[in-house]
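Scroll down for the structure; my scribbles are underneath it.
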Amino acid sequence: MAEKFFSLITDIGKRQITNAVALGKKVELSSLCIGDGAGGYYEISESQTQLKNQVWEGALTKVIVGENNKNEILVEAYIPTDIGGFYIREAGIKDKDGNLIAVAKHPETYKPVGEFGAYKDITIRTVSYTHLTLPTSDLV
């Protein structure tokens, strides 16, 4: 059975990771963007350069290369209580220049804001798998 929720490294991300590994440089991941998928799910693609309908973007709070799997990049971002009033169905990881490095199909989650009578802090966590083994965590 195919996975319902997953992430993909974009074509831009693959090029940047390949270049970073070859040159021993760093891919500077900086933000997580989330979107509502323009009202529904869609099939995410490696060719994407942006989310279908971005509703929020914020700084990453954690970036880790997997300890047991060096092809794995885990990122987290915190969406504060005062941000909301939207559904989350898609997520993306951007670099310092705003390039979409990875895109994810996310389980539908409603993010309320206090004026709606409910408060909810959310930490979004995505795991993406690269096409290359990352020799050190210094590359991302």
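The values are calculated or read from the model by the stated rules, or taken from the named source; none is laboratory data. Note that the coordinates shown come from a computational prediction; the quantities given were computed from them, not determined experimentally. Neighbour counts are summed over all protein chains in view; Cβ atoms, including those assigned to glycine, are modelled from backbone coordinates with ideal geometry. Remember, those area values only see protein heavy atoms, side chains included, never the ligands or the DNA or RNA. Shrake-Rupley method; radii C 1.70, N 1.55, O 1.52, S 1.80 Å.
Show the residue pairs that are 6+ apart or on different chains and have beta-carbon atoms under 9 Å apart, the first residue being within the range 72-83 and touching a residue at least 12 places away in the same chain (Cβ under 8 Å), the second being among the aromatic types (F, W, Y).
E72/Y129; I73/Y129; I79/W56; T81/Y119; D82/Y119; I83/W56
At least 3 residues that are at pLDDT 95 or above and either touching a Phe, Trp or Tyr at 6+ places or on another chain (Cβ under 7 Å) or buried (at least 19 other Cβ atoms within 10 Å of the Cβ) (or both) in each: list the strands (runs of 3 or more DSSP E) lying fully within the range 70-140 that qualify.
Where strands (runs of 3 or more DSSP E) fall fully within the range 70-140 and carry at least 3 residues being at pLDDT 95 or above and either touching a Phe, Trp or Tyr at 6+ places or on another chain (Cβ under 7 Å) or buried (at least 19 other Cβ atoms within 10 Å of the Cβ) (or both), they are 86-95, 100-111.
Residues in the range 1-16 that are out of contact with any Leu (no Cβ under 6 Å at 6 or more places or on another chain) and surrounded by 15 or more Cβ atoms within 10 Å (Cβ to Cβ): how many?
8
Tell me, yes or no, whether the range 11-21 has at least one residue that is modelled with pLDDT of 95 or more and part of a loop (DSSP other than H, G, I, E, B).
For the range 11-21, residues modelled with pLDDT of 95 or more and part of a loop (DSSP other than H, G, I, E, B): absent.
Consider only pairs whose beta carbons are under 6 Å apart and that are at least six residues apart or on different chains; among these, list those whose first residue lies in the range 9-20 and is more than 12 Å from I73 (Cβ to Cβ) and whose second residue is open to solvent by 40 Å² or more (accessible area, probe 1.4 Å) and modelled with pLDDT under 90.
Note: pairs meeting the criteria are K14/H131.
Looking at the structure I just gave you, is L8 modelled with pLDDT of 90 or more and at negative phi?
Against the criterion (modelled with pLDDT of 90 or more and at negative phi), L8 qualifies.
Need pairs with beta-carbon distance below 7 Å; first residue assigned to a strand (DSSP E or B) and within the range 47-65, second open to solvent by 80 Å² or more (accessible area, probe 1.4 Å); sequence gap 6+ or separate chains.
What qualifies is T61/Y78.
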